[in-house]
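What follows draws every value from the coordinates through simple rules; no lab data is involved. From a predicted model like this one, the values you see are computed outputs, not experimental measurements. When we count neighbours, we look across all protein chains shown, and the Cβ atoms used for this are built from the backbone with ideal geometry, even at glycine.
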Amino acid sequence: MPQIGIGILGGGYMGKAHAVAMLAVGAVFNTTLRPKLEMVCASSGESAEKYRVAYGFERATDQWRILVNDPKVEAIVIASPQETHRAVAEAAFALGKPVFCEKPLGASLEDSKAMVAAAQAAGVPNMVGFNYIRTPASQFARQLIAAGEIGEITWFRGEHTEDFYADPQAPATWRTTGQANGTMGDLAPHMVNAALALMGPITRVMAEVETVHATRPGGTVTNDDHAQMMCRFASGAMGQMYFSRIATGRKMGYAYEISGTKGGIRFDQEDQNAIWLYRMEGPEAERGFTKILTGPAHPDYLPFCQGPGHGTGYQDQIIIEARDFLHAIETGEKVWPSFADGHEVNIVIDAALRSARSEKWQDV
């Protein structure tokens, strides 16, 4: 089977996840292309060498241009800070190399627009890492909605809530500086992406964005702690979303609830192997939400496990992404979500921030 040399920028949280995914994807999905971990790039030579040894890369560097320009690096995964995304992607596209970039796409709307233009000019596969929407349960939800199983959609509620900064005494870090690292830059894109995937385009938003703890031990907070947003979808459906890094008790509160004329759907990432489905049928006394455990009958579950209810995990979402990225490289087919889809998320976020400043509804 043909190999493809993979270069990954960043070896931390997401860099490790992508390295593990590239090592596993061939065995899990029997992909035609088999990734080879060619090179890893980190902020220092010491860190890069540590990641090389830990994950099994052939080589390491602390200069991203060395990685991008290396002829043995045939596809690139960007898992480094947002402010690095644009320059790396543009350089890779100029060489005709496919690029997978972690969300959010770039550090600004201007960045993501330029990255989309570069991707389109190059005509090579490009993909953004919105992994949570790829669970078997959420893929099944998309199928149910597309098939009209719950009728015409009338309402959407979504949240991405965590509590890693719920404690006011948690010290200031890089996460408390810069808009790209705040809740609207870090957490909100995941749920906005889910809303677009499940519901379709958003046309108008009304938002409030707030910094609750303006100072923390060690520094001043310059970005937001939580935000709420009302929205209207192109379909006419009404929606609302909430994003927070101070939602006490919430660890992975990526959750949504959808109402339709024939039923409803509920999902919570903290119970990612189950989906709740309501069908408006049968005697009223027997109606109610039914908990459906994911299994081999659901999208992308069987390659991981043959047992219903045994479940998939976080790392499996990244492996599914790797499969789709490799398939796009092999076939030349478009892959979802592309850079253009990532830019659409950024457009919605930008409209929400404009709304918060103006205290008015804003068109997307």
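Dividing the convex hull volume of the alpha carbon atoms of the chain by its residue count, what do you get in Å³ per residue?
Values: hull volume 52.9 nm³, N = 364.
Considering the Cα atoms of the chain, their hull volume per residue is 145 Å³.
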Can you give me the relative contact order of the chain as a percent, contacts being Cα pairs under 8 Å and 6 or more apart?
19
In whole Hz, with x marking every Gly and Pro, tabulate ³J(HN,Hα) for the range 306-323 from phi via Karplus 6.51 cos²θ - 1.76 cosθ + 1.60, θ = phi - 60°.
8, x, x, x, 6, x, 10, x, 4, 4, 5, 4, 6, 5, 4, 4, 4, 4
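For the range 3-131, what Kirkwood radius comes out of the mean inverse Cα-Cα distance, in Å?
Over the range 3-131, the inverse of the mean reciprocal pair distance is 14.4 Å.
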Between L95 and residues 5 or more places away or on another chain, the pairs with built amide H atoms under 5 Å apart involve none
How do R86, R266 rank when sorted from fewest to most other Cβ atoms within 10 Å of their own Cβ?
R266, R86
Run the simple label-point estimate for A27 and E333 please: 7 Å along Cα→C-beta, distance reported in nm.
2.6
Ranked highest first by the average count of other Cβ atoms within 10 Å around their residues, in what order do 247-260, 42-55, 316-329, 87-100 fall?
316-329, 87-100, 247-260, 42-55
Residue by residue through the range 72-85, which ³J(HN,Hα) values in whole Hz follow from phi under the Karplus form 6.51 cos²θ - 1.76 cosθ + 1.60 (θ = phi - 60°), with glycine and proline marked x?
7, 8, 9, 8, 10, 10, 9, 10, 10, x, 4, 5, 8, 4
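Could you please rank R287, R157, placing first whichever residue has the fewest other Cβ atoms within 10 Å of its Cβ?
On the way: R287 13, R157 16.
So the residues, fewest neighbours to most, are R287, R157.
Please arrange C231, C305, C41 by how many other C-beta atoms lie within 10 Å of their C-beta, fewest to most.
Sorted ascending by nearby Cβ count, the order is C305, C231, C41.
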